[in-house]
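Asker: Below: one structure in structure tokens.
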Amino acid sequence: MPPETFKPTKVEAMAAAGSESTLYGMILENIDRSVIAFDQGGRITLFNPAAEALMERSSRQVIGKLYRELFRNQETLLYLAKVALVEGRSITDDEGLYLNRPNASPLPVNAYAAPIYSKRGSQDGAVMIIRDLSRIKDLESTLRRADRLSMLGTLAAGLAHEIKNPLGGIKGAAQLLSMELAEKSSLQDYTRIMIKEVERINFIIEELMDLGNPRPPEIGNVDLTKILDDIILLQKEAARSQNIRFLLKLDPSIPPVQGDENLLTRLFLNLVKNAREAINHDGEVLIETRIASNYHLTGPGRRSSPMVDIAISDTGCGIAKDELDRIFTPYFTTKSKGSGLGLAISQKIIEDHHGLLRIESSPGVGTTITVSLPLRR
């Protein structure tokens, strides 16, 4: 007797189809890729939440409209959609594609378009999937800076060691010469300048040696709120002659991070000081902390750790686009006073804490530097 085969009833088949449709809908609602579907006439039939966030438009605004309206003046996206719809071919663009948005700067993306076929084999439209590459670009930029900084730091530390030894001899000779001269001798001014300049060079050399061969972090629990409160207290005093408002928006629910308190204090003191010095007279410095939703730290043999974002914004002079990649290079500075090592050392501290640094700036508008640090190492 042949074994019985299971045949679902019509009602069960419809229920199964409905469940499958619900599952597909949930996936589209929660996926972090922008999914946009068009019918064969080029009208938009699907616009998921990720697409709404990326394109800065709601599904109500675009459903039923032609894709040509959505992608107006974006030739590459128009071409991808046309190939999928008209020629029935799948096509991808990964090279230098930027998405124009109405209320923000262009965003680096890649895009994939493919035809949609019914069960009967006829084409019913096309789908386009757009992926935001800005976070990947941030990570690539951070890695490039870290590699460049590592090479420069090693070279600089070697040079610093060679310079430091004769510098001590010069300072000692100047001090002995000062002792031999009469107290009111006009030559005393020269010896005083010599000693002062030697001390200044020595300070720069010590910073260079920190950059090339920093001490290992002494890890403990660090209260970021306390550190930032103390730094703002000091900077308010330093800015007494300026009309600068310091605003703190700190998330009190953020637990202590694991790090070196002295190094992190040095890091944020330097960044907040830079923000203050970027403002001539009137302006605002805003410091915000929040749990980062974009990044998690993972590594072999350890669980994923959430990241904390510390954003420092100012309404100062801003930084020109062609200078943004150079500001982390040792000795490059846009300020009239400064060694040009502050941001290079800051980058090194962040790297030693397995963190990330991102910077956005517009000349005449201001600058925002965001440091992302893991809660756990």
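The values are calculated or read from the model by the stated rules, or taken from the named source; none is laboratory data. The model shown is predicted, which means the values in this text are computed figures rather than measured ones. As a convention, Cβ positions derive from the backbone with ideal geometry for all residues, glycine included, and neighbour counts pool all protein chains shown. These area figures cover heavy atoms from the full protein model, side chains too; ligands, DNA and RNA do not enter into them. Shrake-Rupley method; radii C 1.70, N 1.55, O 1.52, S 1.80 Å.
Asker: Can residue 268 be described as among the aromatic types (Phe, Trp, Tyr), under 22 Å from the mean Cα position of the chain (by Cα) and either at pLDDT 90 or above or open to solvent by less than 40 Å² (accessible area, probe 1.4 Å) (or both)?
Answerer: Judged against the criteria, residue 268 is a match.
Asker: If you don't mind, another one. Cβ-Cβ distance below 8 Å, separation of 6 or more or different chains: which pairs start in the stretch 186-214 with a residue that is at pLDDT 70 or above and end on one that is among the polar types (S, T, N, Q) and surrounded by fewer than 16 Cβ atoms within 10 Å (Cβ to Cβ)?
Answerer: Final answer for the pair search is 191/175; 195/175.
Asker: Also: How many residues does the stretch 58-75 contain that are open to solvent by 70 Å² or more (accessible area, probe 1.4 Å) and either part of a loop (DSSP other than H, G, I, E, B) or not acidic (Asp, Glu) (or both)?
Answerer: 7
Asker: So, one more: As an exercise: evaluate residue 43 against (1) surrounded by fewer than 15 Cβ atoms within 10 Å (Cβ to Cβ); (2) touching a residue at least 24 places away in the same chain (Cβ under 8 Å); (3) in contact with a Lys or Arg (Cβ under 7 Å, 6 or more places away or on another chain) and give the number of the one condition it does not meet.
Answerer: (1)
Asker: When the stretch 359-377 is examined, which residues are found to be open to solvent by less than 40 Å² (accessible area, probe 1.4 Å) and modelled with pLDDT of 85 or more?
Answerer: Scanning the stretch 359-377 gives 359, 361, 366, 367, 369, 370, 371, 372, 373, 374.
Asker: Additional query: Which of the numbered conditions does residue 333 fail, given that it passes all the others? Conditions: (1) out of contact with any Asp or Glu (no Cβ under 9 Å at 6 or more places or on another chain); (2) modelled with pLDDT of 85 or more.
Answerer: Among (1) out of contact with any Asp or Glu (no Cβ under 9 Å at 6 or more places or on another chain); (2) modelled with pLDDT of 85 or more, the lone unmet condition for residue 333 is (2).
Asker: Output the residues belonging to the stretch 1-56 that are among the charged types (D, E, K, R), at pLDDT 85 or above and not in a helix (DSSP H, G or I).
Answerer: Correct list: 33, 39, 43.
Asker: Out of all the residues in the stretch 311-325, which are modelled with pLDDT under 80 and either assigned to a loop (DSSP other than H, G, I, E, B) or open to solvent by less than 50 Å² (accessible area, probe 1.4 Å) (or both)?
Answerer: Hits for the stretch 311-325 are 324, 325.
Asker: Just one of (1) open to solvent by 40 Å² or more (accessible area, probe 1.4 Å); (2) within 24 Å of residue 360 (Cβ to Cβ); (3) of a type outside the set (Lys, Arg) trips up residue 55, so point out which.
Answerer: (1)
Per-residue answers, yes or no, for (1) open to solvent by 70 Å² or more (accessible area, probe 1.4 Å); (2) at pLDDT 90 or above; (3) assigned to a loop (DSSP other than H, G, I, E, B):
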{"site": "274", "(1), (2), (3)": "no, no, no"}
{"site": "280", "(1), (2), (3)": "yes, no, yes"}
{"site": "286", "(1), (2), (3)": "no, yes, no"}
{"site": "294", "(1), (2), (3)": "yes, no, no"}
